[in-house]
Structures are given as C-alpha cells and as structure tokens.
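The structure appears below as structure tokens.
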Amino acid sequence: APAALARLLGAAPKPFNPHTTIRFDLARGVRVRLSIFDVTGSRVRLLLDAPRPAGCHEIGWDGRDERGREVVTGMYFCRLEADGTSQARKLTLLR
C-alpha cells in the first residue's frame, strides 16, 4: 500500500495542562485543517486551515476554545484533514 500523504503523530505531553503540542507529518505540500473537537463531536477550536509544505509540523493548543475561553477538564480529539483523508487522536486535558 502507498504511504499516507499525511500522518497525525499525536500530541505531547499526555495528559496536558494547559498546553499541548500536536505533531503531524506531510509527504508533500498540501492544504491541511487541524481542529479540536469535544466528545460530543462539536468543534472547540480550529488550529490550522492553510497550505503547509512537506515535512514534520507542530501546532500548539493552549486548551482554549474559539472565543479564548479555557475549556473544561476532559477528553478531546484533534483531527487532521488533508487531501480528502482524515485522522484523529485523543487528547486528555487535566486542569
């Protein structure tokens, strides 16, 4: 099977408070969207929606929503969308 164009490598530290760094790898330059969702599937924050070159990338999340408010302790998901594919990883926030 061909290698994936985009790979969501996960986040560190796990669990986190108040900041985590999400890492992903791109085999070639492509537009990517990186979003945070809560357990109900509602989007909490859009971290990135832009073209990125090939290589390894890191995006930080400060545990805040679109309005800058701190989100509550719990489980969240980061979702990477690139070139028609989507991958998700679990994040745990402990306040």
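For an R0 of 30 angstrom, estimate the FRET efficiency from the Cβ-Cβ distance between D38 and L9 and round to the nearest 0.05. In this case the efficiency is close to 0.90. Taken over the stretch 10-50, the percentage of Cα pairs per 10 Å bin, counting from 0 up to the bin with the maximum distance, is 22, 51, 25, 2.
When the chain is treated as a GNM, springs tying every alpha-carbon pair under 10 Å, which of G29, G60, G41 comes out with the largest mean-square fluctuation? Fluctuation is largest for G41. Averaging the Cα positions of each part gives two centres, and for the stretch 1-43 and the stretch 46-95 these lie 6 Å apart.
The residues of the stretch 35-80 present an accessible area of 56 Å² per residue when probed at 1.4 Å with all protein chains retained. Close amide H contacts of G10 (hydrogens built in the peptide plane, cut-off under 5 Å, sequence separation of 5 or more or a different chain): R23. A simple spin-label model places the labels of A54 and V72 4.5 nm from each other, with each point 7 Å out along Cα-to-Cβ. At q = 0.13, 0.23, 0.26 Å⁻¹ the log10 of I(q)/I(0) for the stretch 34-78 amounts to -0.32, -0.83, -0.99, computed by Debye summation with a single uniform scatterer per C-alpha, solvent ignored. Here the mean projected area of the convex hull built on the C-alpha positions of the chain is 6.0 nm². Here the chain exposes an accessible surface that is 50 percent carbon and sulfur, computed with a 1.4 Å probe and the other protein chains kept in place.
The values are calculated or read from the model by the stated rules, or taken from the named source; none is laboratory data. The shown structure was predicted, so the numbers you read here are calculated from the model rather than taken from an experiment. Cβ atoms come from the backbone with ideal geometry, glycine included; neighbour counts cover every protein chain shown. Please note that ligands, DNA and RNA were not included when accessible areas were found on the heavy atoms of the full protein model with its side chains. Shrake-Rupley method; radii C 1.70, N 1.55, O 1.52, S 1.80 Å.
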